[in-house]
Amino acid sequence: MIRIIKNLASLKITVTCLSFLFILTLWGTLDQAQNGLYLAQEKFFNSLFFMIKGVIPFPGARSVLWVLFINLICAARVRLIYQWKQAGIIITHIGLLLFFISAFVIFHGSLESNITLAEQEGSNLSTAYHKWELSLWKLGEEKKQVLAFDSDHFQSGQKLDFPKYGLSIGVKKYLRNCEAYRTSDVEEHIHNASGIKRLESIDINTEPGRNFPGGIFEVYGADEKDLKIILYGGEGKATAIQKNGVPYVVRLRRKRYILPFVIKLKDFRKETHPNTQMARSYESLVDIISPEGITREVLISMNKPLRYKDFTLYQSSYAIGQEGQEFSTLSVVKNAGRLLPYISSLTVCVGLLIHLILMGFKKKRRK
Amino acid sequence: MKNILIVVVLAVCLMSCNNRSEENRSYEEIHIEASKQVKKNSEPQGSMKGSAKKGSSKGSEQIMKGTVTTSPVSWVVPSVWLETKGSGMRLVTFKAEPPNSIDCSIISLGGIAGGFEANVIRWIGQINIQLTGEEQKKFLGSLKEEKTTTGLPVTVVDFTDIQKEKNDMTPSMMAAIIQLEGKTLFIKMTGDKSAIVNNKGSFKELVYSISLLKSK
């Protein structure tokens with residue numbers, strides 16, 4: 001066992017991993033200029049492996065960091081000397097391990113989304129930037145209970161079960177980016193709320209926010225047998241289906257995240273630079289309604305975000321509607337580990353400082 | 001003991017190497033509807049100047065003073081559209097039935113209401129059309145002033161002309177501007193591209209039928 005740990009603690013592994021990280025950082029930076037930030041990030045930094053030219057596998061930053069983390073743990077076991085005079089090095093090492101732990105917590109636990117509200121409008125959900133979901137709910141209920149499946153990994157032939165409502169939806173065809181048309185050469189009865197009859201696949205856009213997915217689905221358990229529906233991410237309407245005379249709606253929409261509060265926009269204020277239409281500053285006066293029913297009024301402005309538990313809400317942008325109504329967009333960041341990078345940095349700094357002080361004492365004693 | 005701890009850490013590492021995405025979720029959606037009333041001090045459509053708190057500029061004041069809530073004009077409702085009474089600056093709203101649903105309204109604002117070019121450029125931005133400077137100039141140059149059946153000057157702007165490569169569901173618009181004495185009429189039809197295309201005839205029928213109400 002100890003031999004395995006000693007091999008895993010090898011300095012050669014450390015140097016190799018650091019070299020890989022250098023290559024990935026350089027390559028990813030160059031790639032993002034062509035393919036966009038999001039795709040480059042997913043390919044080089046968030047993946048375990050990716051393929052070069054579809055043939056040669058290359059480790060992504062996620063794999064490399066895991067190997068480096070294991071290497072660091074094993075080095076802590078076999079190479080560190082646990083004495084007071086080595087306290088600085090030990091603390092620095094702990095700080096480095098904390099960096100990895102904070103990266104892990106942030107990667108798995110953080111979420112970025114946004115919420116757009118008109119004045120007097122409120123919601124308990126934020127909307128994902130790039131992810132989509134197929135959601136279904138029953139109409140006419142006092143509380144709108146939504147059942148949703150993430151659609152990013154939909155495959156043809158996949159079956160989505162909604163046992164609560166006795167319905168299932170089979171995925172016939174799913175396109176990650178497509179265009180919708182109201183005309184079709186094929187005579188086929190396909191149900192859609194916006195009159196869409198056909199979807200055409202198009203290239204994935206480097207700006208992921210511009211991709212609109214769509215799919216053809218078959219509904220099982222509905223009143224109409226062999227019911228085929230088309231759902232398109234770019235349509236604003238939900239498609240209605242019936243089971244035992246009870247109406248349900250199904251929709252392909254951007255993924256929703258639950259907030260631990262309801263946020264209501266009371267007033268949006270904008271100031272422009274004199275004699276221009278360029279915004280100088282804008283702010284949103286909101287009510288935060290907690291699950292216990294306690295309402296708190298908060299002003300969110302460009303440099304003053306709202307922090308609530310693990311959530312931070314920033315004033316992101318605004319829009320003026322066609323009837324003059326004002327909309328405020330707030331970006332919502334959930335990051336349970338937001339303090340960890342600061343703690344890690346502080347630990348490393350303290351460790352290095354202690355090591356410097358101890359080295360200083362050591363030199364003095366030698367003299 | 002130390003070795004066991006390392007094995008535990010390694011096991012946690014391996015178990016964590018999975019996809020972040022969740023599969024099946026259930027949640028309660030709470031939505032508070034916005035009030036349909038437009039704020040009294042909200043910016044008029046023709047101009048977006050400084051905050052009302054700082055005091056309106058001369059241009060905004062003129063627009064608000066000239067804005068009428070009673071209709072100065074009359075029109076013929078296209079047979080396939082449903083007319084509903086407007087409120088505030090909106091004189092009237094029209095809707096068409098699915099699948100070619102559109103929303104069309106006639107709005108009256110005082111003065112030149114920001115000017116013809118500024119309004120067209122703002123509408124281009126509203127429906128997310130990306131144009132280079134040259135393309136924008138060419139599009140604006142292609143718009144010609146015509147006359148309604150009663151001789152009122154009108155310019156019709158068809159945004160589907162610059163969305164030919166876009167799909168049927170792309171948000172689109174068709175608009176018309178009629179410059180009257182002391183006020184400007186905006187007739188705007190919004191919807192997705194195929195709905196706009198299918199309602200072009202009705203839109204033009206409405207626009208060309210607009211005439212001034214004779215004062216008593």
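For the reader, a short list of remarks on this structure follows.
- Filter result (within 9 Å of chain B (Cβ to nearest Cβ), in contact with a Leu (Cβ under 8 Å, 6 or more places away or on another chain) and not charged (D, E, K, R)) within region A:179-201: A:Ala180, A:Tyr181, A:Asn192
- Of the numbered criteria (1) touching a helix residue (DSSP H, G or I) at 6+ places or on another chain (Cβ under 6 Å); (2) buried (at least 17 other Cβ atoms within 10 Å of the Cβ); (3) touching a residue at least 40 places away in the same chain (Cβ under 8 Å), the one A:His130 fails is (2).
- Single condition A:Leu136 does not satisfy, out of (1) within 12 Å of chain B (Cβ to nearest Cβ); (2) touching a helix residue (DSSP H, G or I) at 6+ places or on another chain (Cβ under 8 Å); (3) not in a helix (DSSP H, G or I): (2)
- Yes/no for A:Arg176 being facing chain B (nearest Cβ under 8 Å), among the basic types (Lys, Arg) and crowded, with 18+ Cβ neighbours inside 10 Å: no
- Of all residues in region B:140-178, those satisfying the criterion of being within 25 Å of A:Gly214 (Cα to Cα), open to solvent by 50 Å² or more (accessible area, probe 1.4 Å) and not in a helix (DSSP H, G or I) are B:Lys164, B:Glu165, B:Lys166, B:Pro171.
- Matching residues, region B:92-114, being free of Cβ contacts under 8 Å to residues at least 40 places away in the same chain and either open to solvent by less than 60 Å² (accessible area, probe 1.4 Å) or within 18 Å of B:Leu185 (Cβ to Cβ) (or both): B:Val92, B:Thr93
- When region A:322-367 is limited to residues that are among the basic types (Lys, Arg) and out of contact with any Lys or Arg (no Cβ under 8 Å at 6 or more places or on another chain), the one that is nearest to the other protein chains (Cβ to nearest Cβ) turns out to be A:Lys334.
- In the set (1) within 30 Å of A:Val348 (Cα to Cα); (2) modelled with pLDDT of 90 or more, A:Ala103 fails one condition alone, (2).
- Number of the exception - A:Leu96 against (1) within 11 Å of chain B (Cβ to nearest Cβ); (2) more than 30 Å from A:Phe154 (Cβ to Cβ): (1)
- Out of B:Lys95, B:Lys137, one residue alone is of a type in the set (Lys, Arg) and touching a Phe, Trp or Tyr at 6+ places or on another chain (Cβ under 8 Å). It is B:Lys95.
- When region A:193-219 is limited to residues that are in a loop (DSSP other than H, G, I, E, B) and β-branched (Val, Ile, Thr), the one that is least open to solvent (accessible area, probe 1.4 Å) turns out to be A:Ile196.
- Those residues of region A:73-89 which are open to solvent by less than 40 Å² (accessible area, probe 1.4 Å), within 14 Å of chain B (Cβ to nearest Cβ) and in a helix (DSSP H, G or I), in sequence order: A:Ile73, A:Cys74, A:Ala75, A:Ala76
- Just one of the listed residues (A:Ser47, A:Ser63, A:Ser19) is in contact with a strand residue (DSSP E or B) (Cβ under 7 Å, 6 or more places away or on another chain), small (Gly, Ala, Ser) and either part of a helix (DSSP H, G or I) or at pLDDT below 90 (or both), namely A:Ser63.
- Enumeration of residues in region A:174-205 that are modelled with pLDDT of 85 or more and among the charged types (D, E, K, R): A:Arg176, A:Glu179, A:Lys197, A:Arg198, A:Glu200, A:Asp203
- Which listed residue, of A:Ile289, A:Ile190, is within 21 Å of B:Asn100 (Cα to Cα) and surrounded by fewer than 20 Cβ atoms within 10 Å (Cβ to Cβ): A:Ile190
- Some residue of region A:99-114 being under 30 Å from A:Phe268 (Cβ atoms), of a type in the set (A, V, I, L, M), open to solvent by less than 40 Å² (accessible area, probe 1.4 Å) and touching a residue at least 24 places away in the same chain (Cβ under 8 Å): no
- Verdict on A:Lys12 being under 20 Å from the mean Cα position of the chain (by Cα), part of a helix (DSSP H, G or I) and of a type outside the set (S, T, N, Q): no
- Annotation note: Cβ proximity below 7 Å between a residue of region A:295-316 that is touching a residue at least 40 places away in the same chain (Cβ under 8 Å) and open to solvent by 40 Å² or more (accessible area, probe 1.4 Å) and a residue that is among the hydroxyl-bearing types (Ser, Thr, Tyr) and assigned to a strand (DSSP E or B) (sequence gap 6+ or interchain) occurs for A:Ser316/A:Thr329; A:Ser316/A:Ser331.
- Hits in region A:56-72 - residues which are within 11 Å of chain B (Cβ to nearest Cβ) and open to solvent by 30 Å² or more (accessible area, probe 1.4 Å): A:Arg62, A:Leu65, A:Trp66, A:Val67, A:Ile70
- Within region A:284-321, being among the hydroxyl-bearing types (Ser, Thr, Tyr), in contact with a Leu (Cβ under 8 Å, 6 or more places away or on another chain) and away from chain B (no Cβ under 14 Å) holds for A:Thr312, A:Tyr314, A:Ser316.
Every residue, every condition in (1) in a helix (DSSP H, G or I); (2) within 13 Å of chain A (Cβ to nearest Cβ), yes or no:
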residue: B:Pro99; (1), (2): no, yes
residue: B:Asp103; (1), (2): no, yes
residue: B:Ile107; (1), (2): no, yes
residue: B:Ala118; (1), (2): yes, yes
residue: B:Gly125; (1), (2): yes, yes
residue: B:Lys138; (1), (2): yes, no
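The values are calculated or read from the model by the stated rules, or taken from the named source; none is laboratory data. Quick caveat: nothing in here was measured; it's all calculated off a predicted structure. No Cβ is skipped: glycine too gets one built from the backbone with ideal geometry, and neighbour counts run over all protein chains shown. Heavy atoms of the whole protein, side chains included, go into the accessibility calculation; ligands, DNA and RNA do not. Shrake-Rupley method; radii C 1.70, N 1.55, O 1.52, S 1.80 Å.
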